[in-house]
């Protein structure tokens with residue numbers, strides 16, 4: 001099965017930037033300990049501090065499926081939704097050079 005790459009774009013609600021940052025780092029730390037998680041990066045917008053971006057890389061769709069059913073993921077999603085105006089998840093494919 002091919003590697004799965006995701007980019008997630010999040011916009012924090014007013015006054016919840018720090019809370020969202022904490023939740024995202026907790027998700028990252030737990031996810032990186034999972035089998036099949038190859039990379040998990042958190043970025044914050046340089047010109048819009050309320051914008052965050054995740055770059056996730058999973059060994060395959062099965063690893064991502066297992067991740068999406070872990071307690072830390074389910075709890076994290078609920079916490080993210082509580083402090084975000086918007087969340088957009090996009091599976092991506094890298095273009096050949």
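Overview of values
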| quantity | calculated |
| --- | --- |
| Check on residue 90, within 12 Å of residue 9 (Cα to Cα), modelled with pLDDT of 95 or more and not in a loop (DSSP other than H, G, I, E, B) | yes |
| Test: residue in the stretch 61-83 that is surrounded by 15 or more Cβ atoms within 10 Å (Cβ to Cβ) and in a strand (DSSP E or B) | no |
| Subset of the stretch 10-59 (residues that are surrounded by 14 or more Cβ atoms within 10 Å (Cβ to Cβ) and on the phi > 0 side of the Ramachandran plot) | 36 |
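The values are calculated or read from the model by the stated rules, or taken from the named source; none is laboratory data. Bear in mind that the values here come from a model prediction, so they are computed numbers and not experimental data. With ideal geometry, Cβ positions are generated from the backbone for all residues, glycine too; neighbour counts draw on all protein chains shown.
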